[in-house]
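The values are calculated or read from the model by the stated rules, or taken from the named source; none is laboratory data. If you're wondering where the values come from, they're calculated on a predicted model, not measured in any experiment. Positions of Cβ are generated from backbone atoms using ideal geometry, with glycine treated the same way; all protein chains shown enter the neighbour counts. Surface areas here come from the heavy atoms of the whole protein model, side chains and all, with no ligands, DNA or RNA. Shrake-Rupley method; radii C 1.70, N 1.55, O 1.52, S 1.80 Å.
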Amino acid sequence: QVQLVESGGGLVQAGGSLRLSCVASGGTFRRYTMGWFRQAPGQEREFVAATSYAGGTYYSDSLWGRFTTSRDNAKSTVYLQMNNLKPEDTAVYYCASGRIDYSRSHLGYEYWGQGTQATVSL
């Protein structure tokens, strides 16, 4: 059983940055693909980014260039750096893990964190 705990959310003004972290425990972290998703009120869960167990990184086309994901296998941690934030980035951000090559669908991931709220004000 893998446990995921996100942190780093908060309130930031438009144009600002946030760095989210997700610490994993209970599994062999390096063997998992780690994904980031977000969900705004009334909307479906949306793929943000992923870093595969092989080291590849993948991004939502609409977010590429502003968001960057990375992982530190020694710390069992995955990060999401979010720059030039916009009010429409306001959402609960979730990290997820799965024994998969890579997926943009939330259905591909087996374990989920509780989420961290990021709010971007004008």
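Annotations
- Condition met for TYR59 (under 22 Å from GLN3 (Cβ atoms), surrounded by fewer than 21 Cβ atoms within 10 Å (Cβ to Cβ) and touching a Ser or Thr at 6+ places or on another chain (Cβ under 9 Å)): no
Residue-wise test of (1) touching a residue at least 12 places away in the same chain (Cβ under 8 Å); (2) under 17 Å from GLN117 (Cβ atoms); (3) over 10 Å from the mean Cα position of the chain (by Cα).
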{"residue": "GLN3", "(1), (2), (3)": "yes, no, yes"}
{"residue": "LEU11", "(1), (2), (3)": "yes, yes, yes"}
{"residue": "VAL23", "(1), (2), (3)": "yes, no, yes"}
{"residue": "GLY26", "(1), (2), (3)": "yes, no, yes"}
{"residue": "MET34", "(1), (2), (3)": "yes, no, no"}
{"residue": "ALA49", "(1), (2), (3)": "yes, no, no"}
{"residue": "SER52", "(1), (2), (3)": "yes, no, yes"}
{"residue": "TYR58", "(1), (2), (3)": "yes, no, yes"}
{"residue": "SER62", "(1), (2), (3)": "no, no, yes"}
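- Among residues of segment 73-122, those that are more than 16 Å from SER21 (Cα to Cα), surrounded by 15 or more Cβ atoms within 10 Å (Cβ to Cβ) and among the hydrophobic types (A, V, I, L, M, F, W, C), counted: 3
- Count of residues meeting criterion [open to solvent by 30 Å² or more (accessible area, probe 1.4 Å) and over 23 Å from TYR102 (Cβ atoms)] in segment 10-42: 7
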